[in-house]
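> Below you'll find the structure I mean.
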Amino acid sequence: MRLLVCGGAGFIGSNFVRVRVRDFGDELVVLDKLTYAGRRENLQDVAHEFVHGSIEDAQVVAAAMDGADAVVNFAAETHVDRSIAEPDAFVTTHALGTYVLLEAARAQQVRYVQVSTDEVYGSIAQGSFTESSPLDPSSPYSATKAGADLLVGSYHHTFGLQTLICRGSNNYGPYQYPEKLIPLMILNALHGDRLPVYGDGMNVRNWLFVEDFARGIGHVLEHGAPGEVYNVGGPDESTNIEVVRAIIDAVGADEDLIEFVTDRPGHDRRYSLGSEKVRALGWEAQMRFHDGLRSTVDWYRDNAWWWEPIRSGDYRAYYERQYGRALG
Ligand SMILES: NC(=O)c1ccc[n+]([C@@H]2O[C@H](COP(=O)([O-])OP(=O)(O)OC[C@H]3O[C@@H](n4cnc5c(N)ncnc54)[C@H](O)[C@@H]3O)[C@@H](O)[C@H]2O)c1
């Protein structure tokens, strides 16, 4: 298959590209704006064509989509904290960018997969969300992602476009930008920096290894029914403080590094996805959280070439603004 992968230079997109080239022999075109989170280094070991551009640019999108059998859209602003500080880019990329991609897919009659998130359902105290649960997003990030999902659905209902939506739970694994919980804690623990935990650390997330999500998205692309939504959740739940303690243990760092900091405004307490529908298609998560976390710690420990330029660059200023203290 020839796939156009938008946002393929980011964390999940680059893992998806790697899985599809390595395990399925697909031909890949990556279209990416290369924001702070998108890096050519993420794809340096994978054969692909690269187009530098944004999904809001109709001309660039039309040219990149030419000859593709399907488009998979990962392109997004993805950090909830940044969506609270500066929501503009979230609205532009998720609303306008998704619209431009859908129009191009409609013009070229190309199957369209939107990569979405469990955050569109909001928080759930007990049980799990199914695909028919109401959307109830809390942050500018999740609200704009939910808006994009609704627009995607409308292109199926109104124009008959072959659309699919994959809603993933919290991903972790190699190549994740260190503003996110797991790489942040791993790199801080490796450097002996403080480990800032929001609120009481009891927020619960449903952790999914990134290659499992990548395989799930590919599975939905190939076997999903057009117009449908598929939840792709991880096999294990964990509180944030349990995650941090497991990282401390894996790194061999000191528990005293933990520092409870003021909670994120509107912080969702618990996310949980029921994934029966995608399981019925034949997908299953292969990595349990305990093993995946260990291998992720090893990857960061062994790949300083990847994170050193980030940790010594603009990320330092972001971190200081966010947590009110400098990295060591
Ligand atoms: N990280 C998670 O835990 C998670 C879980 C479920 C779903 N998702 C979804 O998966 C997708 C990928 O997430 P990620 O964690 O890999 O994000 P990321 O921030 O690592 O990567 C996003 C990529 O999109 C690119 N991009 C941003 N705006 C663009 C634009 N306007 N045009 C073209 N490219 C643009 C960036 O340069 C970057 O390469 C997102 O849609 C996100 O909502 C993420």
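The values are calculated or read from the model by the stated rules, or taken from the named source; none is laboratory data. Quantities reported herein were computed from a predicted structural model and do not represent experimental measurements. Counting neighbours? That spans all protein chains shown, and the Cβs are built from the backbone with ideal geometry, glycine included. For accessibility, only protein heavy atoms count, side chains too; no ligands or nucleic acids. Shrake-Rupley method; radii C 1.70, N 1.55, O 1.52, S 1.80 Å.
> Mind listing just one residue for me: the one in region 155-166 that is open to solvent by less than 10 Å² (accessible area, probe 1.4 Å) and not aliphatic (A, V, I, L, M) and, of those, nearest to the ligand (Cβ to nearest atom)?
Out of the qualifying residues, it is Cys166.
> Working carefully through the options Gly192, Gly127, find the one that is touching a Ser or Thr at 6+ places or on another chain (Cβ under 8 Å), closer than 26 Å to Ala246 by Cβ and small (Gly, Ala, Ser).
Matching residue, one of Gly192, Gly127: Gly127.
> A further question follows. Filter region 62-93 down to the residues that are more than 9 Å from the ligand (Cβ to nearest atom), more than 15 Å from Phe16 (Cα to Cα), over 15 Å from the mean Cα position of the chain (by Cα) and outside any loop (DSSP other than H, G, I, E, B) and list them by number.
Within region 62-93, Ala62, Ala63, Ala64, Met65, Ile84, Ala85, Asp88, Val91 meet the criteria.
> Can you tell me which residues in region 124-148 are small (Gly, Ala, Ser), open to solvent by 30 Å² or more (accessible area, probe 1.4 Å) and either away from the ligand (no atom under 16 Å from the Cβ) or over 22 Å from Ala285 (Cβ atoms) (or both)?
Of everything in region 124-148, those that are small (Gly, Ala, Ser), open to solvent by 30 Å² or more (accessible area, probe 1.4 Å) and either away from the ligand (no atom under 16 Å from the Cβ) or over 22 Å from Ala285 (Cβ atoms) (or both) turn out to be Ala125, Gly127, Ser132, Ser138, Ala143, Gly147.
> Scan region 27-61 for residues that are assigned to a helix (DSSP H, G or I) and more than 8 Å from the ligand (Cβ to nearest atom) and jot them down.
Answer for region 27-61, where residues must be assigned to a helix (DSSP H, G or I) and more than 8 Å from the ligand (Cβ to nearest atom): Arg40, Glu41, Leu43, Ala58, Gln59, Val60, Val61.
> Looking at region 87-99, can you tell me whether even one residue there is closer than 30 Å to Arg269 by Cβ, surrounded by fewer than 21 Cβ atoms within 10 Å (Cβ to Cβ), of a type in the set (Gly, Ala, Ser) and out of contact with any strand residue (DSSP E or B) (no Cβ under 9 Å at 6 or more places or on another chain)?
yes
> Listed residues Ala58, Ala37; which is under 22 Å from Gly168 (Cα atoms) and open to solvent by 20 Å² or more (accessible area, probe 1.4 Å)?
Within the list Ala58, Ala37, the selection yields Ala37.
> Within region 194-223, can you find the residues that are open to solvent by less than 20 Å² (accessible area, probe 1.4 Å) and acidic (Asp, Glu)?
Scanning region 194-223 gives a single hit, Asp212.
> Follow-up. Quick one: in region 1-16, of everything that is over 12 Å from Val210 (Cβ atoms) and surrounded by 22 or more Cβ atoms within 10 Å (Cβ to Cβ), which residue is farthest from the ligand (Cβ to nearest atom)?
Looking at residues that are over 12 Å from Val210 (Cβ atoms) and surrounded by 22 or more Cβ atoms within 10 Å (Cβ to Cβ), I get Leu3.
One line per residue, one yes/no per condition, for (1) among the hydrophobic types (A, V, I, L, M, F, W, C); (2) touching a residue at least 60 places away in the same chain (Cβ under 8 Å); (3) more than 14 Å from the ligand (Cβ to nearest atom):
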{"site": "Leu150", "(1), (2), (3)": "yes, no, yes"}
{"site": "Lys180", "(1), (2), (3)": "no, yes, no"}
{"site": "Pro183", "(1), (2), (3)": "no, yes, no"}
{"site": "Gly192", "(1), (2), (3)": "no, yes, yes"}
{"site": "Glu211", "(1), (2), (3)": "no, yes, no"}
{"site": "Ile241", "(1), (2), (3)": "yes, no, yes"}
{"site": "Asp256", "(1), (2), (3)": "no, no, yes"}
{"site": "Thr262", "(1), (2), (3)": "no, yes, yes"}
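> What number goes with the only condition from (1) open to solvent by 30 Å² or more (accessible area, probe 1.4 Å); (2) under 19 Å from Ala75 (Cβ atoms) that Val152 does not pass?
Going through (1) open to solvent by 30 Å² or more (accessible area, probe 1.4 Å); (2) under 19 Å from Ala75 (Cβ atoms) one by one, Val152 breaks only (1).
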